[in-house]
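Shown next, in structure tokens, is the structure this report addresses.
The values are calculated or read from the model by the stated rules, or taken from the named source; none is laboratory data. What you see is a predicted model; the values in this text were computed from it and never measured. Note that each Cβ is placed from the backbone with ideal geometry, even for glycine, and that neighbours are counted across all protein chains shown.
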Amino acid sequence: MLGIRIKSGIAFTGAIRNAVQIFCVVLGVACFPHLVAFSQPKGDSFALNLPPGVLEPIIPEDNPLTKGKVDLGKKLFFDKRLSVDDTVSCATCHDPEKGFADGKVIAVGIQDRKGTRNSPTVLNAAFFDTQFWDGRAITLEEQAKQPVINPKEMGMSSHSALVEKISNIPDYKTSFKAVLAADQITIDHIAGAIASFERTLITFNAPFDRFIAGEKGAMSESAQRGWQLFQGKARCITCHEFNRSYPFFTDNKFHNIGVAMKGKDFESLARKAASRGANPSVLAQEEGSAELGRYVVTKEPKDIGAFKTSGLRNIALTAPFLHDGSEPTLESVVEFYNKGGIPNPNLDGGIRPLGLSEEEKNDLVAFMESLTSDDLPRLVSGHNP
Amino acid sequence: MKFINIMFACLFMSLAMFIHSAKAEDHAVSATQQAVQPSDDKAVQIVTSCDGRKKIIVEGCREGEAMPEQKARKVAELLMALMEFCELEITAKIPKTGMAVQLSVNGEPYITITDIGELPLVLVHGGKPHTEREKRIWAAEMDRMIQEGYAVFHDSALGTNGISCDMCHPDAANTHPETYPKFQTQIKKAVLLRDMINWCIENPQEGKKLAEDDPRMKALEAYILSARAGEKLEPGKH
Amino acid sequence: MSTKKEGKHKQSLYPSSAGISRREFLKTALATGVLATGAGCAIRVSTSGAQQVEIKQGTNGFTIAYISDSHLLARGKEHRFAKALIKAVEDVNNLKPQPDFVLYGGDLAQLGLREELSLGKDIIAELKPKLYMMVGEHDWYFDMGEVWKEFFGKPTYSFDHKGVHFIVLNSVVVEDYWSEAKMTPMERMLFMAQLDNPKGRPFTVGEEQRKWLSDDLSAVSKDTPIVIFSHSPLYKYYKAWNFWTDDAEDVQKLLAPFKTVTVIHGHTHQVLTNKVGNIAFHGMLSTAWPWPYAPEGIPKLTMQMDRPDPFNQFDGMGWGIIDTLPNGHVNKTYKLWERNPMFVSHEKVSTGGGFVSGHSY
């Protein structure tokens, strides 16, 4: 269905899903909700429907969630006119049909220009402490402002150029006025709307979630073994944090696992980056400096080559993997970790060879495949890219 | 425990009376004092609790006389401690001098204690204290478990890389068993001490986890807890 | 920075040729034009990891590296202790410019076995700068230093380098606890290896060595800066873990008359800074594992390193850089793996301001 692989022991069709939902409601059992309810308690304000116990994401005070913003943001997200030559929208690299990523090794923007990083998924990005692989933006709003003026992505000459372009579209002029009471559109309005839409792109209800909730048969035996390995011998959970309060599989920290250490002279790159005092977002786009990772933001030596721990929900949908897309499959990622990453002077001390057997590696892959959410078809359908 | 409140009131009033030599009168709630003059001129004062089940015979004090403050405090302390054993009828004799207090429980013969701290031992079993032999067995068995734990703690055999617990935790330093359960940042959820012990065996020591009922795990816990005896319980503390 | 040229390495316990004073050195150096140009200018020290410290390279200022407490087991180069020592060697080799020399601070082996010391010798042979060795108790008590002496020479010696008088001591001498108990060599070693051994005997420098020290110092002018390398701290921190030198006061008395004295020690596997009288004491890192701070006795001047994370096999470990200033005092930098370096200047030590003391756990 829509090119999404759902691998689990049970395939849920729409009808069965509804029956289960009614069943849950009737019994009053705390099932994970299947739908993000469009509940509107007061006026237009919009509440995210989270499973019990999951902590709310942080939403900036100056951009509260409203239905109007969500709809406007969705429109903007899919609008190619946000790029200078009308060819690239957010959805180009964050495609709903590709797990809100793009299936490419490295992102490609206007005029086939190649960037420096693998496109991360937007799904559940609302729960990150920072955005981008190097954490150079804190909020989704801040993040949205960067690709639009990135010459290798959407290529607008400046934020004001984008604002002018949008303001000259009558449809948007009306919408912004209606939704945000904005006579003058600003970049913050635009970014705020996009961010609001992105905040609704959250997924739970994967076979793993049902297993954790007590349904023993929800995950295959192999996946269950994989879950034990994940917490034990494979040492994944310490960086890919999971608990009921924060079920997103990331510690939001930055680790050097040696991904792109091949033949780079990090010392001189680092010194160059530090001395120029250049903007992190510029450094992140340059061939050499981009591999410095978190260092371009903090300029701290311990952050050289360190990248943000990505989440793992729906990971089976967003190959290829790692910040440079250098690992094509989940199997190859597991093997990468099994070998102990790539040695380099800054390799995170938590990385070490794991000694996993073939069966154990397969179990880990099965586990990760059980993290694909059943919410996705609903999120994907009804979007017209 | 609700007797405590009543008893406090009792005690305060009765102490006030003793110290100011007031005669016992019919107040709303009060302890009573009796004057009993044995024929051999050994004077005593008797303090009885409000429920009548506890009696303290204070030797060397005359009825009507103010008790010395020290003694009065001792009487009060003893009475408070005895009141915790609501069901029992206890008579205590505090001698004129010396530390030993004689207790008689439910009419049984007197036994002697030297420290109020011994009361639970004595009274929980209705006045039959534990024997010396029993106490030595407890200590020896406890010690054996702790020594087992000490040995495992100082042995690298639990792991495969030659690292033993005492390398990062000499004298069990920095183990903080009194802070468990807590959110363990390496495991990403709230866990018990034994979960962290197992994590250390699997991770820094690169060994195989112990089964939770493995005698070695139990012994390790015993040693670690004994090394931190007296620390305040603070589950969840980082 | 010259590497293997300066410094007379004394192998003897007998102070036949004393260290020359700074004044004499300068006179000679100027006369022969040995001194490098660019004296007195500030340069940025660039190390692997782009250290941000600027030091003034005066006419006699220089840098040395310090690696210590590797506790190698005879399990080949893939064992984590060996990997850590190799990492330290590589880090030092990547320093630009190279340090004048490297001091190895003791406990190269864990059980003092020939195989362990051999493995260590192989690994540190890769160091590019000149290497001086110091012994620790783990190296010594299996065979009373036989293999150590065979591989690395006498444990006690002194030498001069760029006007500073360096002394290397064997400060892990303990009273005989093994003869009466008829211990085997391994039993003797294991007794010593357990840090929290309740029957352990305190470390000392000992009478014989104190006499040697006194003689050695008698030929050194009071103005000459002195740096002492010692495995035990040469002060009293925590007896139960032998973070302790029992005759510390006697040793300190011998050093008191000198204007500028610094002790650099190992054994404690943690960041430590102390000052007693005119002597500054610097405890350096281990490459193998971190010790926790003791329940009491932490020197007030110490800014403690944060609690290491046991998930991370290098956290709380590393090596160090000692910058000897023109005035003979030292700044130190802890090259903590996985963390930003910790820099402690001599100024901070002498003014003693603004440090947090007490337990970090």
Go through (1) within 14 Å of another protein chain (Cβ to nearest Cβ); (2) over 30 Å from residue A:345 (Cα atoms); (3) touching a Phe, Trp or Tyr at 6+ places or on another chain (Cβ under 9 Å) for residue A:197 and report which single condition fails. (1)
Quick check on my filter: what residues within segment C:84-127 are within 15 Å of the chain's Cα centre (by Cα) and without any contact (Cβ under 8 Å) to a residue 24 or more places away in the chain? none
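For (1) at pLDDT 90 or above; (2) in contact with a helix residue (DSSP H, G or I) (Cβ under 9 Å, 6 or more places away or on another chain); (3) under 30 Å from residue C:95 (Cβ atoms), each residue gets a yes or a no:
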| residue | (1), (2), (3) |
| --- | --- |
| A:228 | yes, yes, no |
| A:232 | yes, yes, no |
| A:256 | yes, yes, yes |
| A:262 | no, no, yes |
| A:271 | no, no, yes |
| A:285 | no, no, no |
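Please determine, by comparing only the residues of segment A:218-237 that are within 14 Å of chain B (Cβ to nearest Cβ) and part of a loop (DSSP other than H, G, I, E, B), which one is surrounded by the fewest Cβ atoms within 10 Å (Cβ to Cβ).
Restricting attention to segment A:218-237, the residues satisfying the condition of being within 14 Å of chain B (Cβ to nearest Cβ) are A:227-237.
So of that shortlist, the ones also part of a loop (DSSP other than H, G, I, E, B) come out as A:232-237.
On the way: A:232: 16, A:233: 19, A:234: 22, A:235: 21, A:236: 23, A:237: 20.
Checking each candidate, the answer is A:232.
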Quick test of your reading of the structure: residue B:184 fulfils all but one of (1) within 11 Å of chain C (Cβ to nearest Cβ); (2) crowded, with 20+ Cβ neighbours inside 10 Å. Name the failing condition by number. (2)
Counting only helices (runs of 4 or more DSSP H) wholly inside segment C:144-227, the ones holding at least 2 residues that are touching a strand residue (DSSP E or B) at 6+ places or on another chain (Cβ under 8 Å), aliphatic (A, V, I, L, M) and touching a residue at least 24 places away in the same chain (Cβ under 8 Å) are C:207-218
Mind checking whether some residue in segment C:240-252 is at pLDDT 95 or above, within 30 Å of residue A:348 (Cα to Cα) and among the polar types (S, T, N, Q)? no
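Condition test on residue B:167, is it surrounded by 18 or more Cβ atoms within 10 Å (Cβ to Cβ), at the interface with chain C (Cβ under 10 Å from one of its Cβ atoms) and without any contact (Cβ under 8 Å) to a residue 12 or more places away in the chain? Working first, answer last.
Details: surrounded by 18 or more Cβ atoms within 10 Å (Cβ to Cβ): yes; at the interface with chain C (Cβ under 10 Å from one of its Cβ atoms): yes; without any contact (Cβ under 8 Å) to a residue 12 or more places away in the chain: yes.
It is true that residue B:167 is surrounded by 18 or more Cβ atoms within 10 Å (Cβ to Cβ), at the interface with chain C (Cβ under 10 Å from one of its Cβ atoms) and without any contact (Cβ under 8 Å) to a residue 12 or more places away in the chain.
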What are the residue pairs meeting all of these: first residue in segment A:326-338, first residue farther than 10 Å from residue A:358 by Cβ, second residue outside any helix (DSSP H, G or I) and aromatic (Phe, Trp, Tyr), Cβ atoms under 6 Å, and 6 or more apart or on different chains? A:327/A:321; A:333/A:321
Would you call residue A:320 crowded, with 18+ Cβ neighbours inside 10 Å, more than 30 Å from residue C:87 (Cβ to Cβ) and in contact with a strand residue (DSSP E or B) (Cβ under 8 Å, 6 or more places away or on another chain)? yes
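Please determine, by comparing only the residues of segment B:187-219 that are basic (Lys, Arg) and not in a loop (DSSP other than H, G, I, E, B), which one is nearest to the chain's Cα centre (by Cα).
In the first step, residues of segment B:187-219 are kept if they are basic (Lys, Arg); the result is B:188-189, B:194, B:208-209, B:216, B:218.
Next, from what is left, pick out any that are not in a loop (DSSP other than H, G, I, E, B): B:189, B:194, B:216, B:218.
Values: B:189: 34, B:194: 26, B:216: 29, B:218: 24 Å.
Out of the qualifying residues, it is B:218.
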Hey, any hits in segment A:88-97 for a residue that's in the same structural domain as residue A:197 (by TED's automatic domain parsing) and charged (D, E, K, R)? yes
Between a residue in segment C:235-252 that is more than 14 Å from chain B (Cβ to nearest Cβ) and any residue that is of a type in the set (A, V, I, L, M, F, W, C) and not in a strand (DSSP E or B), which pairs come within a Cβ distance under 6 Å, given they are 6 or more apart or on different chains? C:235/C:248; C:236/C:248; C:245/C:203; C:245/C:234; C:247/C:205; C:248/C:234; C:251/C:205; C:251/C:234
Sort through B:120, B:129 and tell me the only one that's more than 10 Å from chain C (Cβ to nearest Cβ), outside any helix (DSSP H, G or I) and over 19 Å from residue B:216 (Cα atoms). B:129
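Take segment A:268-321 and flag every residue that is hydroxyl-bearing (Ser, Thr, Tyr), under 15 Å from residue A:257 (Cα atoms) and within 14 Å of chain C (Cβ to nearest Cβ).
A:295, A:309 - these are the residues of segment A:268-321 that are hydroxyl-bearing (Ser, Thr, Tyr), under 15 Å from residue A:257 (Cα atoms) and within 14 Å of chain C (Cβ to nearest Cβ).
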Identify the residue in segment C:106-152 that is farther than 22 Å from residue C:93 by Cβ and among the acidic types (Asp, Glu) and, among all such residues, is surrounded by the fewest Cβ atoms within 10 Å (Cβ to Cβ). C:150
Exactly one condition in (1) surrounded by 19 or more Cβ atoms within 10 Å (Cβ to Cβ); (2) closer than 28 Å to residue A:229 by Cβ; (3) more than 14 Å from chain C (Cβ to nearest Cβ) is false for residue B:222; which is it? (2)
Suppose we filter segment C:173-226 for residues that are within 14 Å of another protein chain (Cβ to nearest Cβ) and of a type in the set (Gly, Ala, Ser); how many remain? 2
Selection from segment A:218-245 of residues that are of a type in the set (Phe, Trp, Tyr) and within 17 Å of the chain's Cα centre (by Cα): A:242
(1) buried (at least 21 other Cβ atoms within 10 Å of the Cβ); (2) at positive phi all hold for residue A:214 apart from (1)
Single residue of segment A:338-359 satisfying the filter (more than 14 Å from every other protein chain (Cβ to nearest Cβ) and not hydrophobic (A, V, I, L, M, F, W, C)) that is nearest to residue C:83 (Cα to Cα): A:338
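Here is a list: B:178, B:206, B:212, B:231. Which entry is charged (D, E, K, R), more than 14 Å from residue B:155 (Cβ to Cβ), within 11 Å of chain C (Cβ to nearest Cβ) and surrounded by fewer than 19 Cβ atoms within 10 Å (Cβ to Cβ)?
Numbers: B:178 fails: within 11 Å of chain C (Cβ to nearest Cβ); B:212 fails: within 11 Å of chain C (Cβ to nearest Cβ); B:231 fails: within 11 Å of chain C (Cβ to nearest Cβ).
Going through B:178, B:206, B:212, B:231 in turn, just one is charged (D, E, K, R), more than 14 Å from residue B:155 (Cβ to Cβ), within 11 Å of chain C (Cβ to nearest Cβ) and surrounded by fewer than 19 Cβ atoms within 10 Å (Cβ to Cβ): B:206.
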When you go through (1) away from chain A (no Cβ under 14 Å); (2) in contact (Cβ under 8 Å) with a residue 60 or more places away in the chain; (3) outside any helix (DSSP H, G or I) one by one for residue C:334, which number turns out not to apply? (1)
When residues of segment A:284-311 are filtered for being buried (at least 23 other Cβ atoms within 10 Å of the Cβ) and part of a loop (DSSP other than H, G, I, E, B), how many remain? 5
Sort out which residues of segment B:166-186 are of a type outside the set (Ser, Thr, Tyr) and assigned to a loop (DSSP other than H, G, I, E, B), and write them in order of number. B:168, B:169, B:173, B:174, B:176, B:181, B:186
Mind listing whichever residues of segment C:287-330 are more than 9 Å from every other protein chain (Cβ to nearest Cβ) and of a type in the set (Ser, Thr, Tyr)? C:287, C:302, C:324
For segment A:132-217, list the helices (runs of 4 or more DSSP H) that sit wholly inside it and hold at least 2 residues that are within 15 Å of the chain's Cα centre (by Cα) and in the same structural domain as residue A:81 (by TED's automatic domain parsing); which are they? A:140-149, A:187-199
